[in-house]
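Here is the structure we will look at.
Taken together, the values in this text are just the output of simple stated rules run on the coordinates, not laboratory data. All values derive from a computational prediction rather than experimental measurement.
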Amino acid sequence: MADGIEPQPGILEIALYKGGESKLDGVSNVLKLSSNENPLGPSDAAKEAAARALHGLNRYPTTDHAALRSAISDVWGVDADRVFCGVGSGDVLKLLAEAYAGPGDEIVFTEHGFSMYPIYAHAVGATPVVVPERERVVDVDAILAACGPKTKLVFIANPGNPTGTMIGAAEVARLAEGLPPQTLLALDGAYAEFVEGFDAGKALVDSRENVVMTRTFSKIYGLGGMRVGWGYGPQAVIDVLNRIRGPFNLSTVALAAAEAAVRDTAHTEKCRIENARCRDWMAGALAELGVPSDTSTANFILARFADETEANACDEALRKAGIIVRKVAGYGLPNCLRITVGDEAACRRVVHAIAQFKGVRK
Ligand SMILES: *Cc1c(COP(=O)(O)O)cnc(C)c1O
């Protein structure tokens, strides 16, 4: 590279994000439980809508996303004018960082927070500030103590990834209330739909000026390959995000699929119930084998082992059995493995493999 041609400050600090692996050498019938994908797949209505949209691909998509925002408004009771649609919810979080933080500013998140948060901070030259959790649960006091005049954004996922734990509405409200005046709270609700009756922070967004929530089509809606997410926030924040996004950021196919997916509430409900059933069974069976986990509110569990050596050995044993889960040492959890809740057969296969690893006949 020519001398003097340099990227913006922070960019070379970024360690590339590693997605969940999907292949194992020499193993057929691989079970991928490393990316929190929906084992039941997208709704049929979403697939049909996407297929129909293929016929109109000579035309540009809409730039206002009106039909999708209206569907989201109908289903989630949010004000359509304050819904923002992005290329996955990661895009919404990244645009928030671009719009509100830069060199000299701080972005606060917790020690086991989503590994994209430091990337968003570095990408805009801001300083990531990592605060401790309390036994794998977000600690509001620790976050508030870390916030100061330079803090522009606080990112928390609720439920958390990879912990699967949540904090309650009163705690989230206390966090929003206690932030400095220039700080925006971003509530990442990637797993919100797995929690029955959970508003993911909607009421807080409606009652305050400093809270944004993000949601995704990648998890319960089974559309990770389509790249659609959305945000809900104060009008002023949504107006800012709309200025800096690409005008045609979402394809015709993605818009059609997402609209049909959000309207197919029967499929969403079926996925939520099936996930909870399989998750609770798998967590219970693993606990009986001496592998505990915190009560998960999402579509994965964080299995805890005696130490890093045992976690790595179990990961190796699972790989030999054709099962790919997620190592989370990079999240400060070296003694844990994050296991996505698959369908019932997948959960049985995991429990069987871990029983064999533990030397228990099952
Ligand atoms: C999966 C996930 C997302 C969603 O990413 P998309 O860009 O919407 O696919 C966001 N936050 C967390 C914590 C996640 O686990």
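With only Cα atoms counted, the stretch 99-178 has Rg and Dmax values of 12.1, 33 Å.
Quick one: work out the % antiparallel among DSSP beta bridges in the chain, nearest 5. Rounded to the nearest five, the antiparallel share is 45 percent.
Using the alpha carbons alone, the radius of gyration of the stretch 11-157 stands to its Kirkwood radius in an Rg to Rh ratio of 1.04. Value of Rg to Rh for the stretch 173-254, rounded to two decimals, is 1.00; Kirkwood radius and Rg both from alpha-carbon coordinates. With all projection directions averaged, the alpha carbon convex hull of the chain covers 19.9 nm².
Could you tell me the number of lysine pairs in the stretch 44-264 with C-alpha atoms less than 21 Å from each other, where the two lysines are 8 or more residues apart or belong to different chains? It would help to have the intermediate numbers written out before the result.
Values: K47/K219; K94/K150; K94/K152; K94/K202; K94/K219; K152/K202; K202/K219.
So the count of such lysine pairs works out to 7.
Taking a straight line from the alpha carbon of K320, these aspartates and glutamates sit under 16 Å away, with near neighbours fewer than eight places off in the same chain left out: E21, D25, E310. Computed from the C-alpha gyration tensor, the three semi-axes of the ellipsoid equivalent to the stretch 272-320 are 21, 11, 9 Å, from longest to shortest.
For the chain, the 222 nm mean residue ellipticity estimated from helices alone, with every DSSP H stretch of n ≥ 4 adding -39500 (n - 2.57) and the total spread over all residues, rounds to -11500 deg cm²/dmol.
When only Cα pairs below 8 angstrom with a gap of at least 6 residues are kept, the chain shows a relative contact order of 24 percent. Computed over the Cα atoms of the stretch 45-92, pair by distinct pair, the Kirkwood hydrodynamic radius stands at 12.3 angstrom.
GNM on the chain, alpha-carbon springs under 10 angstrom: the most fluctuating residue among G26, G104, G322 is G26.
At the listed q of 0.10, 0.18 Å⁻¹, the Debye profile of the stretch 222-362, built from one uniform point per Cα, gives log10 I(q)/I(0) equal to -0.49, -1.00. Select from L16, L40, L204 the residue whose mean-square fluctuation is largest in a Gaussian network model of the chain (Cα-Cα springs shorter than 10 Å). Taking springs between Cα atoms under 10 Å, the residue moving most is L16. In the stretch 135-199, one over the average inverse separation of all distinct C-alpha pairs is 12.4 Å, which is the Kirkwood hydrodynamic radius.
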